[in-house]
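> One structure, pasted below without further comment.
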Amino acid sequence: MSRKIRYGMVGGGRGAFIGAVHRIAAAMDQQVDLVCGAFSSDPERSKASGGDLFLPANRCYGTFKEMIFAEKALPASERMDFIAIVTPNHMHFPPAKMALENGFHVLSDKPATFDLAEAKALAALVKKTGLLYGLTHNYTGYPLVKQARDMIATGKLGKIRKVVVEYPQGWLATRIEASGQKQAGWRTDPKRSGAGGCVGDIGTHAENLAEYITGLQISELAADATSFVKGRKLDDDVNVLLRFKGGAKGLLHSSQISVGEENNLNIRVYGELGGLEWHQKEPNTLLVKWADQPMQVYRTANGYLCDAAKAAGRTPPAHPEGYLEAFANIYKNFANAIRAREAGQKLTKDAIANDYPKIEDGVRGMAFIKAVVESSAKNAKWTKLDA
């Protein structure tokens with residue numbers, strides 16, 4: 001395919017945060033072009049938002065339904081190839097379902113859907129259509145996250161015994177949703193966020209990172225979810241014990257009331273032979289620890305890294321790369337997967353273009369949320385993931 005991949009955006013209009021992040025990430029490698037959008041549930045606001053991005057007026061749509069039908073009617077040489085969904089959680093499933101039913105690939109913000117039933121329905125539709133579905137668990141895009149994954153997969157740490165993953169924030173330490181703060185408003189509203197608040201927003205990032213790096217799946221958990229802020233309807237702090245298939249044990253905590261914390265996602269993994277540690281606040285460093293030798297420090301963009309880690313970097317060593325670049329790696333790999341599909345190429349499991357979160361990760365994320373909510377309601381009873 002000797003052209004850029006074209007996409008349309010659902011959500012992400014005026015006043016939205018994550019839509020701009022997606023657009024920057026998509027544009028970073030010059031492989032993907034935004035050609036249309038339905039940027040708001042308000043048709044006039046949607047069209048005005050498209051105008052802000054200098055899109056042609058006839059490609060700025062009032063609704064995602066209008067966009068999908070209109071784009072489908074365009075010649076193949078002009079229409080979008082996929083949609084990017086950047087709406088609140090309750091509006092992930094409807095456009096994803098409609099896009100797949102009309103022949104378009106889907107890249108969605110996380111969590112995949114509003115609830116587990118929708119996620120399973122979406123998985124069945126992805127399988128039926130044979131189209132591509134990606135999920136922007138962007139922290140998997142960091143080069144040294146990929147290095148950690150490779151070291152565990154190749155047995156350098158031995159059999160994994162323990163996983164500790166944390167994602168504390170402090171921005172919801174007070175009830176700012178009552179002041180009309182848009183980002184807090186929908187994240188704390190069960191009608192738009194779903195059954196989980198903090199656990200759905202950032203707990204799923206921690207869950208996905210733990211499974212991605214270790215290659216292990218959580219089999220059951222015991223959770224204590226709390227809403228500390230008076231009047232808040234969803235959890236803002238979650239503490240979880242984990243059991244992984246294969247025998248490893250783990251701890252996961254996510255919090256949005258940890259005063260003074262920013263986006264302090266971090267993970268520590270311990271095997272029979274060694275351990276590793278990675279912090280999102282210092283993403284270009286991976287610490288690797290051994291019982292009988294000094295700790296090693298791995299750094300982004302060096303030649304000793306694995307192929308996936310090297311492919312995820314863009315600048316020479318010591319030139320900082322971070323959140324936006326990691327996000328861009330999801331878009332880059334997803335775009336290359338579309339190219340391979342259009343060329344009739346079947347990607348191997350380990351192909352770099354195949355390295356992006358998929359619908360299976362989305363189902364597991366929704367099963368994780370459901371299990372946390374159910375476990376906490378039963379005084380932290382051990383609960384299996386229904387994935």
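> Work out the length of the dipole vector of the chain about its Cα centre, built from +1 on the beta-carbon of each Lys and Arg and -1 on the beta-carbon of each Asp and Glu, and round it to the nearest 20 debye.
Values: 50 positive and 41 negative charges, 120 e Å.
In debye, rounded to 20, the chain gives about 580.
> Equivalent ellipsoid semi-axes for the chain, as square roots of 5 times the alpha carbon gyration tensor eigenvalues: give them largest first, rounded to whole Å. Please report the intermediate quantities before stating the final value.
Details: eigenvalues 209, 137, 75 Å².
After diagonalising the Cα gyration tensor, the semi-axes are 32, 26, 19 Å.
> When the Kirkwood hydrodynamic radius is evaluated over all pairs of different C-alpha atoms of the range 177-300, what value in angstrom, to one decimal, is obtained?
Every distinct Cα pair counted, the radius reaches 16.3 Å.
> While we're on this one: In µm²/s, what is D for the range 292-387 at 20 °C and 1.002 mPa s, where D = kT/(6 pi eta Rh) by Stokes-Einstein and Rh is the Kirkwood radius from Cα pairs?
Details: Rh = 16.8 Å.
Value of D from the Cα-based Kirkwood radius: 128 µm²/s.
> Would you mind pulling out the separation of the Cα centroids of the range 75-97 and the range 196-222, in Å?
Cα centroid of the range 75-97 versus Cα centroid of the range 196-222: 25 Å apart.
> For the range 289-359 and the range 126-140, write down the distance between their C-alpha centroids in whole Å.
17
> On to the next question. Shape call for the range 26-130 from the C-alpha gyration tensor, a ≥ b ≥ c root eigenvalues: rounded (a/c under 1.5), prolate (a/b greater than b/c) or oblate?
Working: a/c = 1.70, a/b = 1.41, b/c = 1.21.
Prolate.
> Taking K and R as +1 and D and E as -1, what net charge do the other residues with C-beta under 14 Å from the C-beta of Gly158 add up to? Intermediate results must be reported in sequence, preceding the final value.
Working: positive: Lys156, Lys159, Arg161, Lys162, Lys289; negative: Glu272, Asp292.
Residues near Gly158 contribute +3 overall.
> At 222 nm, what helix-only mean residue ellipticity would the chain give, in deg cm²/dmol to the nearest 500, using -39500 (n - 2.57) for each DSSP H run of four or more?
-10000 deg cm²/dmol
> Still on this model: Which order results if Cys306, Cys198, Cys36, Cys60 are arranged by neighbouring Cβ count within 10 Å, fewest first? Before the final figure, lay out each step's value.
On the way: Cys306 17, Cys198 30, Cys36 25, Cys60 21.
If I rank by nearby Cβ atoms, fewest first, I get Cys306, Cys60, Cys36, Cys198.
> While we're on this one: So what is Rg over Rh here for the range 244-350, counting just Cα atoms and using Kirkwood for Rh?
On the way: Rg = 17.3 Å, Rh = 16.9 Å.
A ratio of 1.02.
> Another question about this same structure. Put a dot 7 Å past each Cα toward the Cβ at Lys349 and Ala124; how far apart are the dots in nm?
Rounded to a tenth, the inter-label distance reads 2.6 nm.
> Sort out the exposed loop chymotrypsin sites (Phe, Trp or Tyr not before Pro) in the chain (DSSP loop, at most 15 other Cβ within 10 Å) and tell me the longest stretch that has none. Walk me through the numbers before you get to the answer.
Numbers: sites that count: Phe17, Phe54, Phe228, Tyr304, Trp382.
Counting at most 15 other Cβ atoms within 10 Å as exposed, the longest clean stretch of the chain is 55-227.
> Is the shape of the range 1-82 rounded, prolate or oblate, going by the alpha carbon gyration tensor and its root eigenvalues a ≥ b ≥ c, with a/c under 1.5 for rounded and a/b larger than b/c for prolate? Can you show the working numbers first?
Numbers: a/c = 2.10, a/b = 1.15, b/c = 1.82.
Oblate shape, in that a/c is at least 1.5 and b/c is the bigger or equal ratio.
> To check you understand DSSP bridge types, tell me what percent of the beta bridges within the chain (both residues inside) are antiparallel, rounded to 5. Before the final figure, lay out the partial values.
On the way: 37 of 62 bridges.
Close to 60 percent.
> With no solvent and one point per C-alpha, what does the Debye sum give as log10 I(q)/I(0) for the range 99-175 at q = 0.14, 0.18, 0.20 Å⁻¹?
Those come out to -0.78, -0.97, -1.00, one per q.
> Which entries of Lys128/Lys332; Lys156/Lys346; Lys159/Lys245 have Cα-Cα distances beyond 19 Å here?
On the way: Lys128/Lys332 25 Å; Lys156/Lys346 29 Å; Lys159/Lys245 12 Å.
From Lys128/Lys332; Lys156/Lys346; Lys159/Lys245, over 19 Å: Lys128/Lys332; Lys156/Lys346.
Each reported figure results from applying straightforward, stated rules to the coordinates on display, with no laboratory input. These numbers were taken from a predicted model, which means no experiment stands behind them. Because the Cβ atoms are built from the backbone with ideal geometry, glycine has one as well, and the counts that use them run over all protein chains shown.
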